1. Going through Glu22, Glu79 one at a time, which residue ends up being of a type in the set (D, E, K, R) and within 30 Å of Ala296 (Cα to Cα)?
2. Scan Ile238, Ile281 and give me the residue that is closer than 17 Å to Leu61 by Cβ, buried (at least 16 other Cβ atoms within 10 Å of the Cβ) and of a type in the set (Val, Ile, Thr).
3. Looking at (1) in a helix (DSSP H, G or I); (2) among the aliphatic types (A, V, I, L, M); (3) in contact with a His (Cβ under 7 Å, 6 or more places away or on another chain), which is the only condition Met212 fails?
4. Please enumerate the residues belonging to region 99-114 that are more than 19 Å from the chain's Cα centre (by Cα) and either within 24 Å of Gly7 (Cβ to Cβ) or crowded, with 22+ Cβ neighbours inside 10 Å (or both).
5. Looking at the structure I just gave you, is Asp222 of a type in the set (D, E, K, R) and assigned to a strand (DSSP E or B)?
6. Of (1) of a type in the set (Lys, Arg); (2) modelled with pLDDT of 95 or more; (3) in a loop (DSSP other than H, G, I, E, B), Arg176 satisfies all except one. Which?
7. Can you find, within region 115-161, the residue that is surrounded by the fewest Cβ atoms within 10 Å (Cβ to Cβ) among those that are of a type in the set (Ser, Thr, Tyr) and under 17 Å from Ile171 (Cβ atoms)?
8. Has region 191-201 got at least one residue that is of a type outside the set (Phe, Trp, Tyr), part of a loop (DSSP other than H, G, I, E, B), more than 15 Å from the chain's Cα centre (by Cα) and modelled with pLDDT of 95 or more?
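The values are calculated or read from the model by the stated rules, or taken from the named source; none is laboratory data. The model shown is predicted, which means the values in this text are computed figures rather than measured ones. Using ideal geometry, Cβ is built from the backbone for each residue, glycine included, and neighbour counts are taken over all protein chains shown.
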Amino acid sequence: MIPVFFGLEGQALTADERTLFEAAAPAGYILFRRNIDTPEQLRRLTDSLRDFAGNPKLPILVDQEGGRVARLGPPYWPEFPPAARFGAAYRQAPLTALAAARANAQALAVMLGTCGISVDCLPLLDVAGADTHEVIGDRSFGDDPDLIASLGRATLDGLRAGGVVGVMKHIPGHGRATCDSHLSLPTVSASAEELERDLAPFRRLADAPMAMTAHIRYPAWDDVRCASTSPRIIDDIIRGRCGFDGLLMSDDLGMEALAGEPGCATMADRARAVLDAGCDIALHCSGSFGEMAAVAEAVAPIGAEAARRLQRAMAWPAVPQGTLADLAARRDSLLAAA
């Protein structure tokens, strides 16, 4: 097994993908809209990935946050509210909002589970500020670290009750970034003392099963490398100060934020860089066959510690409980009452 989560080209495995994945044995996969058509097609795809891998606990990921970030949507799947909706409700009625966030996440998990998806890249714990870039925007619960941690906990609890693994992101915090890391490398000039505010939600949820790094440079911690490629940030801040010992994956290797990082000229270089820095898994999303082949050739087999974290994370969910309709109705009722 190699320590990579790969994207796929289309709505079914190609012959070339089967050959590559059989030889490389990636640790898991991530799906996007290009991979999704109908519920029946999606279930065939996820079943085929698990059958092909011979692993019923195979991680199959998706970014299904609600609001703007939703890979599954109408007409086959319902829309879900963005995180900011729960933050607004929390300011009016905290306990009601927490119950709504939990029901929402449980509904998400039940929906994903019926499609064979086992990991949702949620909750987003970035602390918003006056200059937060719109790429985060209403994906954040708000600007209060305590509010974010509380709603993040409710979201993790709901995902777990619905039978799906949660991923907190973007550790150690994307809220101060003033540009989109998909397009360029953000640099956050805040002091180490100021950054403690950004770390607070991640520290509170350090027992999460998985986390995703931010492709952001924080000179207060490392003035050369961004968080995803910085051994100092991963060791001292994410593992040390935050106390996170779950499975740590990079954000997407294809994002332009990594283009100028030292030793990151190619996708293979980027995969080695994030793994050498201390990420357990390199995330490659594009589905480009040539890039995947190069990454698979470049990385070593998964290490014992990363394999342990992966196994522990995939054992985290509870037996799914509740129906999508009942949970969504409960969420809507609670939000209306807040």
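1. From the options Glu22, Glu79, the qualifying one is Glu22.
2. Among Ile238, Ile281, only Ile281 is closer than 17 Å to Leu61 by Cβ, buried (at least 16 other Cβ atoms within 10 Å of the Cβ) and of a type in the set (Val, Ile, Thr).
3. (1)
4. Ala100, Ala103, Thr114, listed by residue number.
5. Taking the combined requirement at face value, the residue does not satisfy it.
6. Result: Arg176 passes all but (2).
7. Only one residue fits best here, namely Thr132.
8. yes
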